[in-house]
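What follows is a structure written as structure tokens; I'll ask about it next.
The values are calculated or read from the model by the stated rules, or taken from the named source; none is laboratory data. Remember, predicted model here, so these are calculated numbers, not experimental data. Don't worry about glycine lacking a Cβ; one is built from the backbone with ideal geometry, like all the others, and counts go over all protein chains shown. All accessible areas refer to the heavy atoms of the entire protein, side chains included, with ligands and DNA or RNA removed. Shrake-Rupley method; radii C 1.70, N 1.55, O 1.52, S 1.80 Å.
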Amino acid sequence: MAPDDLRNTILNLPSGPGIYRFVGDNEKVLYVGKAKNLKKRVSSYFAKRHDSARLNMLVRKIKNVEVTVVNSEQESLLLENSLIKKYKPKYNIQLKDDKSYPFIVIKNERFPRVFLTRQYIQDGSIYLGPYTSVRKAESILQLLTTIYPLRTCSLNLLQKSIEGGKFKVCLEYHIGNCMGPCQSYQSEEEYNHSIEQIKKILKGQSNVVLNELKEQMKMLADEYQFEAANDLKQKIDILQNYQAKTAVVNHSISDVDVFSIADAEEAVFINFFKIVNGSIIQTKGLELKRSELNESLEELLVFGIAEIREQLHSSSREILVPFAIDYPDEAVKITVPQIGDKRKLVQLSMKNALLLKSQYLEEQHKTVKKRGPERVLEQLQKDFRLPVLPQHIECFDNSNFQGTTPVASMVVFKNAKPSKKDYRHFNIKTVEGPNDFASMEEIVHRRYKRLLEEQSPLPQLIIIDGGKGQLSSAMKAIEGLGLVGKVSVASIAKRLEEIYFPNDPVPLHISKRSESLRLVQYIRDEAHRFAITFHRAKRTKASLKPGITVIKGVGTKTTEALLKAFRSEKKLRQASLEELASIVGLSKAKIVFEHFQAQQPSLK
């Protein structure tokens, strides 16, 4: 579609709710989105240049816009979800998990069977679930059939067939797993009563069933039917044990969905609880990969809620969430609880979301460790367009305090790891006053002049902590030493984490989630830490002159410890021997104490 045609399409879009699809080359769907107002939302993409480079890239690739008008925001949310699954657009949120889940089905038939299935068929049967864990669903089913033995065969148990003696009991009857309805050993009324009890348990109403069983047990005991009462007692114990394993919150909280979300930058993790009659009867965790457009947490949570509720066929009319969201279904109440049991539920859900996040980060760490640093360096080489792999990186930083005691530091990373034995401190020698640019030129010149004289290997990459000014100063030293083209140089500006290169006024913006940017930030932060530590030590030493630093036998570490403890030399002079000894030990304390005592004016 020509640009004019695309412009006309956008101008003629309707103003109601709906779904829009951005289509690129070869009719490939790039992005699917929903909107309250299609015309305003789609126009906003083309109205200006965006801060996000990824969003600008998407807009450049759009060749056509397709829309689907719907009646409500709820419809648009569901349609968006299904279209994302269908097209899997590059710029949309990516679902990590799209499998089907098992249900416990109660078949619509005479003497209903109860079993697990992944197929949801609209045949009048009752489907309870779905369950996110097959093992859990199987254990629940086993528990139910232990309390209420049911048939497992697929025979068509018509009354005339049973009366005609068409069926014979099988092994399941003889081992106690079935009560034999095929030969009228169990009545239809008794069988259906068991089915009703099973429905109640699966719907979270196990307390109702327990009360009924206890009443029956008491009645049988009163009638001296102790064997039958004992059978019921065993069923009660099994059901109570099952109930104890289900988290009970508050029986007044019924039919509520709970959602929380944990952010791990490149992905988010959503936890879901289904609460029925005060019990958590269903749980699920969902991982969402952020798309190229870097959606907000609110957008991701709304998307995740719609996805989970669709997967698990939830129709709860209240949703608990950790923060306010704009959910499109007005029939659903969104609650952000501040106190009470509902607040505790959201906090519990958040703990589970954070657990999913920590497991993910641990896996990421293991993966990076397994692959080694080479992958990160290859990404850095690609992002910085370096001619060689930067296995040896050096980074410089300046530090001064209100223009006094200017110092600098250099840290060395080899194979993406700190090489602390190669770290260096610099006292600024030729620069007067607070001049960061001149100081940077001095230390870079001194460092590489020495390496050239010693014929030591040069780094593949030099990183300067600062913006264009610091980079220009460093390049003066590099040019003066004839190293242009022999080493690569870049700087990183703190405010926006922009990367500058020599002779290029436009900074490079790397994704905040990029491993290469994280490595550069780590190196920069290490250089800053090293410079600050050195500067603090120099300030400490300067602040104590001509007192403690002139004492023979008192070194820098002792000086720092004493100053940290007493805050000033005046308080230090007034300290007792015991107070000094508690900080630096008795032997050092005696030296300091005797020195200051000797300086006290004698009384005559």
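Only four residue types carry charge here, +1 at the Cβ of Lys and Arg and -1 at the Cβ of Asp and Glu. Report the dipole size of the stretch 421-461 about the Cα centre in Debye, rounded to the nearest 20.
About 180 debye.
Given Cβ point charges of +1 (Lys, Arg) and -1 (Asp, Glu) and nothing else, what value in debye, to the nearest 20, does the dipole of the stretch 138-257 about its Cα centre take?
My answer is approximately 280 debye.
Might you work out the accessible area of M475 for me, using a 1.4 Å probe with all protein chains in place, and round it to the nearest 10 Å²?
The accessible area comes out at roughly 30 Å².
Please work out the FRET efficiency for the pair Q183 and Y224, using the Cβ-Cβ distance as r and a Förster radius of 25 Å; give the result to the nearest 0.05.
So, using R0 = 25 Å, E works out to roughly 0.25.
Just name one of F303, F103, A408: the one whose Cα is farthest towards the positive end of the charge dipole of the chain (beta-carbon charges, Lys/Arg +1, Asp/Glu -1).
Sorting the options by dipole projection puts first A408.
Not counting ligands, DNA or RNA, and with a 1.4 Å probe, what is T533's accessible surface area in Å² rounded to the nearest 10?
Here the accessible area works out near 70 Å².
For K233, list the aspartates and glutamates whose Cα falls under 17 Å from its own Cα; do not include residues on the same chain fewer than 8 positions away.
Output for K233: E212, E215, D222, E223.
Compute the longest continuous run of the chain that contains no exposed chymotrypsin sites (Phe, Trp or Tyr not before Pro); treat a site as exposed when its DSSP state is not H, G, I, E or B and it has at most 12 other Cβ atoms within 10 Å.
Value returned for the longest uninterrupted segment is 324-604.
Below 13 Å, Cα to Cα, which aspartates and glutamates can K86 reach? Residues fewer than 8 away in the same chain don't count.
In chain and number order, the partners are D98.
With charges set only on the Cβ (+1 for Lys and Arg, -1 for Asp and Glu), what does the dipole of the chain come to about its Cα centre, in debye to the nearest 20?
In debye, rounded to 20, the chain gives about 2580.
Additional query: Using the heavy atoms of the protein chains and a 1.4 angstrom probe, tell me the accessible area per residue for the chain in square angstrom.
That works out to 54 Å² for each residue.
Could you pull out the pairs from K85/K284; K136/K200; K48/K357; K85/K342; K203/K284; K107/K160 whose alpha carbons sit more than 24 Å apart here?
K48/K357; K85/K342
Next question. Once Lys and Arg get +1 and Asp and Glu get -1 on their Cβ, which of I478, N56, V209 lies farthest toward the positive end of the dipole of the chain?
I478
Ok, one more. Between their Cα atoms, which of K429/K570; K421/K564; K61/K90 are more than 21 Å away from each other?
Check vs 21 Å cut-off fails for K429/K570; K421/K564.
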